[in-house]
Number of protein chains: 2
Amino acid sequence: MLCVSAVADSRLLAGGSQGAAALRPLVATVLDALADGAYDRCGPLPRGGPAAVAERVGAVVRGADGAGTGTGNGTGEGGGGVLPEEGVGADAALAALVRVLAEGAADPADPLCAAHLHCPPLAVAAAADLAASALNPSMDSWDQAPAASELESLTCAALAGLVYGADTGRAERRADALVTTGGTESNQLGVLLARELHGPGVRLVCGENAHHSVHRAAWLLGLAPPLVVPAPRGVLDPAALDGVLSGALESASSGAPGQRDGGRALVVATAGTTDAGEIDPLPEVADVAARHGVRLHVDAAYGGPLLFSGALRGRLAGLERADSVTLDLHKLGWQPVAAGLFVVPDAAALRPLDHRAEYLNADDDTEAGLPDLLGRSLRTTRRPDVLKVAVTLRALGRRGVAELVERTCAAARDLAGLVAADPGLELRSEPVLSTVLFRPAGRGDAVVAEVRRRLLAEGRAVLGRASLDGRLWLKVTLLNPHVQGSDLAALLKLVNDALADGPAGSASPLPHAEGTVRP
Amino acid sequence: MLCVSAVADSRLLAGGSQGAAALRPLVATVLDALADGAYDRCGPLPRGGPAAVAERVGAVVRGADGAGTGTGNGTGEGGGGVLPEEGVGADAALAALVRVLAEGAADPADPLCAAHLHCPPLAVAAAADLAASALNPSMDSWDQAPAASELESLTCAALAGLVYGADTGRAERRADALVTTGGTESNQLGVLLARELHGPGVRLVCGENAHHSVHRAAWLLGLAPPLVVPAPRGVLDPAALDGVLSGALESASSGAPGQRDGGRALVVATAGTTDAGEIDPLPEVADVAARHGVRLHVDAAYGGPLLFSGALRGRLAGLERADSVTLDLHKLGWQPVAAGLFVVPDAAALRPLDHRAEYLNADDDTEAGLPDLLGRSLRTTRRPDVLKVAVTLRALGRRGVAELVERTCAAARDLAGLVAADPGLELRSEPVLSTVLFRPAGRGDAVVAEVRRRLLAEGRAVLGRASLDGRLWLKVTLLNPHVQGSDLAALLKLVNDALADGPAGSASPLPHAEGTVRP
């Protein structure tokens, strides 16, 4: 069929019939700049700390790197060369800024960059994300995203089925999921649904091991700070939870004597803590919540992808009893940010998010068959983050994703084994997911903090930190499925060398770095 | 210098020294699929409405399109083929899903897709966005985004300077901006800062022309619904605002007789309404707010980019008097979603967003010189949306962006001229930005709604709708800087042809579309 659509000259645009042709040379420039920048960096992160990186980025933005820039800044100082009066052209701008960004990246694809829940994305997912940028569907109405909204619907249903099972036993119930900006927004939605059900007096109850976003959600939504259950062993203690819940519900009902206000609480449990990768005892926690008749939200941002693995999914038993679940495929799912999900056992639970805006979901349009999408997010305009997820799942299949999860968890066990075999290091515990905590035996917290900062400043490794059991630990969060035993040994050698170098506990070299990164 | 970093086999990953090589063939597949999908679609959107699109996407996901898929779905029904047991490989997955997404897109690069504030992104911005996906910096801590966080800081300062001027007159004051997911989140931040300043009793006051996200923010943040000032002429009437504010502040202070509670309100004005692209009289609104001693937030998500244009920026006079401003470069800034900004005249105003999480911004790390980034967003993990913005500004310069803004606004004036010259059509008013509202002369609202839906269902045009002045209008939001006069004439001809076809006011053809989109 001949295409007769009259698309105007759109050589500058990423979409339309000429979009791919416009993108081709620019994408080639980006890939070259990524490769050059990675070569220039030559390690997991740039050397020299924040001052050196700022100097380098500033030089490129000012055009002082020889890449050329416009003359002056129309808005005066404060912008440096970010907003030149005259542009330098697409190719020059991409070459300069992408290269300096890559040179100055902490690259999670490098095995020595292993601090955070900050994954190296799969190439297939990053490539798919380019299509999202080029087509720019916006997920707030069907007429901005016809196919993208359908793909989102199918993908969310499949992932919700992974958590709750496809057959919920009742025809009218259907598990569903919303796409979010990450675990923080998903946790916020879990708290919001509880607030809408119980009112602003709802009490949040979480372990001290819960993610900080639970506390921030309470603040954002105008609720009292969560009641915090001590978790001395790193995970929620069901008996302690029971005690706190009893007290909270007793006091909540004190205003109405004789009438227990049993439902006005939300328990938040964690499947994969940020500090240690530990999983709360979900079946027991669910029992306690059920006994008190309160809602349960489980933050499985980190641990959720165990569900892909037949060998590992048993560790998440009980997850399906939660009223809502946070998943996050930009952690153990190898997606570029963002790839968060908020999952519920019954799509009807999402109704409090329904929202009307005449220009997006007028009643007569909805009645005429145009899908109403506005209740599927708290955002309005929204990028189709689901595309990269859908492409990845189709490319790898369940088994492919499972293999990556299993490999990564196995690498953590290997690292723990190396730590345990090193008399100079103390292992906190065997890893549950892919986080390994250790510290130099017999040394103080200041040494731990200092070693971490020194490795950062010297551009040698990106390690994390965690305060647990009253002490500070070095944290390795493994998310690179291709990490080798030799990488793990190299990482421990870097730590041991830094410890040997001393002077421990001195001021960090970061603010007054030894020089700039290599030009 | 020889790079000696030992990066493991990472051929599947987008980052690392091999990332660009891994991406190259996959990106080529994506570009081919985008081109093929646009050719298949052959118009501004697919034909057949939601049912046909769902059928087509479903067939591809099930592998019934001949592209092949895995065998079955490990999670049972609900997922269709989204999560096959075995993967089909990266290339096949990208080819199939990107092509069906492009075929089923409402493509804003097509001049006949002009319903919403849904822009066709620039190729340079989409290409830059690929680097963000590949490197995957996360903006919540320096050690996940060394160069990206510095680039964000410089770019935000430059854009804040565009609003407030580089020199605020006081050395200790520095305008600043946060990157957001869009106008909705930016408006939410404006409301949140007012709540943190004044407490949960703060009264929101906005025009009936304000964006729905202002109302949603009040709900989300646990505040009373906004007091709505009638805007019969489409924009906030300063006298009416004055009256509502007087009443609101009087009643707010009624609990403490004799003591006026002058500051406990927030006025939200709009520079570029979603329905009509109109700009509230900012100087007069700022005067009223100042007289009452209340805060002013201006939602300039749509109109803000007039600031780039010397010829047009005068229309935003008074914007610099706002306590906070919403900008959104995924509208008149031609960025892929998301590219929102929240701008304040003094970075100190952002302090209520400060937040601590030991693993991300421990005090000793901050004291040692590691930047504390957690207060720069309500999200935690966060994509570097600033990269594409910075690359675009550098590529085009201020003048280049201004030219696109001016061209787009000029096209709207041209369209208004064509409408005014057509005796069968009624123009609502001369466009202020790039939105043109019109309707068939002497016809009812049902005809307007029906024509819009018919053009959608037939895949001919994507037009918007707006209820204003007690009537329903067809809305054209022009955001394509390459639109030609012939495109505008074609668009009006489509409307007139659809009107001539009748039967007007009948049931929409959407739910029972005539068939499927072309294979």
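Give me the dipole magnitude in Debye, nearest 20, for chain A about the Cα centre, with unit charges on the beta carbon: positive for Lys and Arg, negative for Asp and Glu. Show your work: numbers first, answer last.
On the way: 46 positive and 60 negative charges, 195 e Å.
That gives chain A a dipole magnitude of about 940 debye.
Please compute the Cα-Cα pair-distance distribution of region A:106-188 with 5 Å bins starting at 0, giving whole percents from short to long.
With a bin width of 5 Å, the distribution comes to 3, 11, 13, 18, 20, 16, 11, 6, 2, 1.
Report, to one decimal in Å, the Kirkwood hydrodynamic radius for the protein assembly as shown based on all distinct Cα pairs.
Working: mean 1/r = 0.0345 Å⁻¹.
Kirkwood hydrodynamic radius for the protein assembly as shown: 29.0 Å.
Taking beta carbons within 10 Å but only from partner chains, what does the mean come to for residues A:330-338? List each step's numbers first, then the result.
Details: counts 4, 1, 0, 0, 4, 2, 12, 14, 7.
Across the residues of A:330-338, the mean count of other-chain Cβ atoms within 10 Å is 5.
Two decimals, Cα atoms only, Kirkwood Rh: what is Rg/Rh over region B:397-501? Intermediate values should be presented prior to the final figure.
Details: Rg = 13.9 Å, Rh = 14.1 Å.
Reported Rg/Rh, Kirkwood definition of Rh: 0.99.
Report, by chain and number, residues whose modeled amide H sits under 5 Å from the one on residue B:426, excluding near sequence neighbours (fewer than 5 apart, same chain).
Amide H neighbours of residue B:426, under 5 Å, 5+ apart: B:439, B:441.
Taking every DSSP beta bridge that has both residues in chain B, what percent is antiparallel when rounded to the nearest 5? Let's see the in-between values first.
On the way: 23 of 39 bridges.
The antiparallel fraction comes to roughly 60 percent.
Between the alpha-carbon centers of region A:350-389 and region B:337-382, tell me the distance in whole angstrom.
Using only Cα atoms, the two centres lie 30 Å from each other.
Across peptide A:361-373, what mean number of C-beta atoms from other chains lies inside 10 Å of a residue's C-beta?
Numbers: counts 0, 5, 0, 8, 7, 0, 4, 12, 12, 9, 3, 0, 0.
Average neighbour count from other chains, rounded to a whole number: 5.
Net charge around residue A:350, counting only other residues with Cβ within less than 10 Å of its Cβ (Lys, Arg = +1; Asp, Glu = -1)? Don't skip to the answer; put the middle values down first.
On the way: positive: A:351, A:376; negative: A:176, A:346, A:354.
For residues surrounding residue A:350, the net value is -1.
Around residue A:229, under 11 Å between beta carbons, what's the net of Lys plus Arg minus Asp minus Glu among the other residues? Walk me through the intermediate numbers first.
Numbers: positive: none; negative: A:208, A:237, A:242, A:280.
Net charge in that neighbourhood comes out at -4.
List the residue from chain B whose beta-carbon is nearest to the axis that rotates chain B onto chain A, together with that distance in whole Å.
Residue with the nearest Cβ, plus whole-Å distance, for chain B: B:222, 1.
Once all Cα-Cα distances of region A:331-460 are split into 5 Å bins that start at 0, what whole-number percent is in each one?
Binned Cα distances yield the sequence 2, 8, 10, 11, 13, 11, 10, 10, 8, 7, 5, 3, 2, 1, 0.
Need one number: nm distance between label points at residue A:311 and residue B:251, each 7 Å from Cα along Cα→Cβ, rounded to one decimal.
It works out to 6.5 nm between the two label points.
Please report the projected area of chain B's Cα convex hull averaged over all directions, in nm².
Numbers: hull surface 118.9 nm².
That works out to 29.7 nm², a quarter of the Cα hull's surface.
Return the sequence-ordered ³J(HN,Hα) values of region B:40-51 in whole Hz as given by the Karplus equation 6.51 cos²θ - 1.76 cosθ + 1.60 applied to θ = phi - 60°, using x for Gly and Pro.
Taking θ as phi minus 60°, the curve returns 4, 5, 6, x, x, 7, x, 7, x, x, x, 5 Hz for region B:40-51.
Please compare each pair in A:331/B:331; A:331/A:388; B:331/B:475; A:388/B:388 to a cut-off of 25 Å on the Cα-Cα distance and tell me which ones are over it.
Over 25 Å Cα-Cα: A:331/B:331.
Ranked highest first by average number of other Cβ atoms within 10 Å, how do B:47-54, B:108-115, A:339-346 line up? Can you show the working numbers first?
Details: B:47-54: 23.1, B:108-115: 27.6, A:339-346: 25.6.
Packing order, densest peptide first, comes out as B:108-115, A:339-346, B:47-54.
Sort A:460-470, B:27-37 for me by packing, meaning the mean count of neighbouring Cβ atoms within 10 Å per residue, highest on top.
Values: A:460-470: 20.5, B:27-37: 22.1.
By packing density, highest mean first, the sequence is B:27-37, A:460-470.
Relative to the Cα centre, what is the charge dipole magnitude of the protein assembly as shown, using +1 at the beta carbon of each Lys and Arg, -1 at the beta carbon of each Asp and Glu, and rounding to the nearest 20 debye? Working shown, then result.
Working: 92 positive and 120 negative charges, 20 e Å.
In total the dipole reaches around 100 debye.
Let me know the mean shielding of B:381-393 by other chains, meaning the per-residue number of their Cβ atoms within 10 Å of its Cβ. Don't skip to the end; give the middle numbers.
On the way: counts 18, 5, 9, 3, 2, 1, 4, 3, 1, 7, 11, 4, 9.
The per-residue average across the peptide is 6.
With r as the distance between the Cβ atoms of residue B:197 and residue A:486 and R0 = 45 Å, compute the FRET efficiency 1/(1 + (r/R0)^6) and round to 0.05. Provide the component values of the computation, followed by the final result.
On the way: r = 55 Å, r/R0 = 1.22.
Using R0 = 45 Å, I get an efficiency of 0.25.
Are there trypsin sites (Lys or Arg not before Pro) in region B:158-246 that DSSP marks as loop and that have at most 10 other Cβ atoms within 10 Å, and which are they? All intermediate terms of the calculation are to be shown ahead of the outcome.
Working: sites: B:170, B:173, B:174, B:195, B:203, B:216, B:233; in loops: B:170, B:173, B:174, B:233.
Passing sites in region B:158-246 are B:170.
I need the calculated FRET efficiency for the pair residue A:367 and residue A:445, taking r as the beta carbon distance and R₀ as 60 Å, to the nearest 0.05.
Working: r = 63 Å, r/R0 = 1.05.
The formula returns an efficiency of 0.40 here.
Please state the charge dipole magnitude for region B:397-501, taken about the Cα centre, from unit charges on C-beta atoms (+1 on K and R, -1 on D and E), reported in debye and rounded to the nearest 20.
Details: 15 positive and 13 negative charges, 55 e Å.
Using only the charged Cβ atoms, the result is roughly 260 debye.
How far, in nm to one decimal, is residue A:293 from itself in the other copies if the label point is set 7 angstrom along Cα toward Cβ? Shortest first, please.
4.9
For region B:397-501, with the dipole built from +1 on Lys and Arg beta-carbon atoms and -1 on Asp and Glu ones, taken about the Cα centre, which of B:444, B:485, B:468 lies farthest toward the positive end?
It is B:468, whose Cα lies furthest towards the positive end.
Can you work out the FRET efficiency for the pair residue B:403 and residue B:348, with r the C-beta to C-beta distance and R0 = 35 Å, to the nearest 0.05? Show your work: numbers first, answer last.
Details: r = 36 Å, r/R0 = 1.02.
Efficiency for this residue pair is about 0.45.
Calculate the spin-label point distance for residue A:493 paired with residue B:469, positioning each point 7 Å from the Cα along the beta-carbon direction, and give it in nanometres.
The two pseudo-label positions are separated by 7.8 nm.
What does the charge count around residue A:300 come to, taking other residues whose C-beta lies under 14 Å from its C-beta (Lys +1, Arg +1, Asp -1, Glu -1)?
Values: positive: A:313, A:315, A:321, A:331; negative: A:278, A:280, A:299, A:320, A:323, A:328.
Value of the local net charge: -2.
We did not get these values from a lab; they are worked out from the coordinates using the rules stated. Owing to the predicted nature of the structure, the values given are computational and were not obtained by experimental measurement. Neighbour counts run over all protein chains shown; Cβ positions are idealised from the backbone, glycine included.
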